[in-house]
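Below is one structure, written out as structure tokens; comments come after it.
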Amino acid sequence: MPGILCEHCTAACCRYIALPIETPEDRQDFDDIRWYLLHDGISVFVEGGTWHIYIETDCRHLLPDHRCGIYDTRPKICRDYTAENCDYHSGDYGWEHHFTTPAQLTEHMEQQLAAKKRRHVAGRNGRSARAKMGARQKSRRKRAAGGPPSPATDLRGIPLPDLEERG
């Protein structure tokens, strides 16, 4: 594309606002975001792990020829914008997720909450299994070292009688 990039631009960067929002943690958080998506011109995306609300709205100083009507006094965010991070490209923003409908978000929420539950259960089971193994290994080391064996107990923790001493 020969020429200056701005000569071909349709002011994509001047047609939306994107603001970071809190990462949803539970059903209520996801339901709040679902409410956003029920409105026209709203979508939500995740970039670099950060959630954003994307609001389609034109800058009131955008001229019909797609140029800035307050170029000399434009805000710093506009001044900092460069051709390197220009929105005039193929449209692939590299977002991890982009939600435009409540159904898309609901599907994602179900997957996330199910994965979170699996991690929680696995973590809980992993800790108890490690704790049991640690107790068994400690008991084996004690017996191997010639120390007295640990008394056997029932499910309530009450010591069982030592049947070997009777014989």
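Order by neighbour count: 26, 40, fewest other Cβ atoms within 10 Å first, most last.
Ranked by crowding around the Cβ, least crowded first: 40, 26.
Excluding residue 22 itself, calculate the net charge of residues whose Cβ lies under 12 Å from the Cβ of residue 22, where each Lys or Arg counts +1 and each Asp or Glu counts -1.
Summing Lys/Arg as +1 and Asp/Glu as -1 gives -4.
Name the residues of region 15-41 whose amide N is less than 15 Å from a point 7 angstrom out from the Cα of residue 100 along the C-beta direction?
37-41
Tell me the label-point distance for the pair residue 9, residue 61, using the 7 Å Cα-to-Cβ offset, in nm and rounded to one decimal.
Here the modelled spin labels are 1.3 nm apart.
Sorted from fewest to most neighbouring beta carbons within 10 Å, what does the list 106, 23, 82 look like?
With the sparsest Cβ surroundings first, the list reads 82, 23, 106.
With a Förster radius of 45 Å, plug the Cβ-Cβ distance of residue 72 and residue 114 into 1/(1 + (r/R0)^6) and report the FRET value to the nearest 0.05.
The calculated FRET efficiency here is 0.25.
Once every Cα of region 5-100 carries one equal point scatterer and solvent is ignored, give the base-10 log of I(q)/I(0) from the Debye formula at q = 0.10, 0.18, 0.22, 0.25 Å⁻¹, two decimals.
Each listed q maps to, in turn, -0.33, -0.93, -1.21, -1.39.
Dipole of region 5-100, Cα-centred, from +1 at each Lys and Arg C-beta and -1 at each Asp and Glu C-beta, to the nearest 20 debye?
That gives a dipole near 440 debye.
For 73, 50, what's the fewest-to-most ordering of other Cβ within 10 Å of each Cβ?
73, 50
Where a number appears in this text, it was derived from the coordinates with a stated rule and is not lab data. Worth saying up front: this structure is predicted, and the values here are computed from it rather than measured. Quick reminder, even Gly has a Cβ in these numbers, built from the backbone with ideal geometry, and neighbours come from all protein chains shown.
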